[in-house]
Amino acid sequence: MGINRIGSQWWIEVAQQRIRFEHDGSGSVRMQSRAGADWIPVQSSWAEEQVLCWGSLCARGAMPLD
């Protein structure tokens, strides 16, 4: 996971594919699965302690998002 701007822009790398995320501050998050692809809205949710999901993609661990 990398952070471009804490709380608003971050990315996760999975199998050498970078998936980008943006949060607009109102609660809406969107995801871009590859460079040049369309941005799609995703719902954020906690699956369990320290497991945060955006749509069907989940990440485990400490995440400095705010």
Q.
With the requirement that a residue be open to solvent by 80 Å² or more (accessible area, probe 1.4 Å), in a strand (DSSP E or B) and not basic (Lys, Arg), what does the range 1-16 give you?
A. Asn4, Glu13
Q. Counting only residues that are within 11 Å of the chain's Cα centre (by Cα) and surrounded by 12 or more Cβ atoms within 10 Å (Cβ to Cβ), which one in the range 29-49 is nearest to Met63 (Cα to Cα)?
A. Ser44
Q.
Please count how many residues of the range 21-35 are farther than 20 Å from Ile6 by Cβ and at pLDDT 90 or above.
A. 1
(Q) Step by step: first the residues of the range 36-62, then only those that are assigned to a loop (DSSP other than H, G, I, E, B) and over 18 Å from Gln17 (Cβ atoms), then the one that is modelled with the lowest pLDDT. Which residue is that? (A) Ala62
Q) When you look at Val29, is it free of Cβ contacts under 8 Å to residues at least 12 places away in the same chain and of a type in the set (A, V, I, L, M, F, W, C), yes or no? A) no
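The values are calculated or read from the model by the stated rules, or taken from the named source; none is laboratory data. Keep in mind that what you see is a predicted model, and the values were worked out from it rather than measured. All Cβ positions, even for glycine, are placed from backbone atoms using ideal geometry, and neighbour counts span all protein chains on display. To get the accessible areas, we keep the full protein, side chains included, count just its heavy atoms, and leave off ligands, DNA and RNA. Shrake-Rupley method; radii C 1.70, N 1.55, O 1.52, S 1.80 Å.
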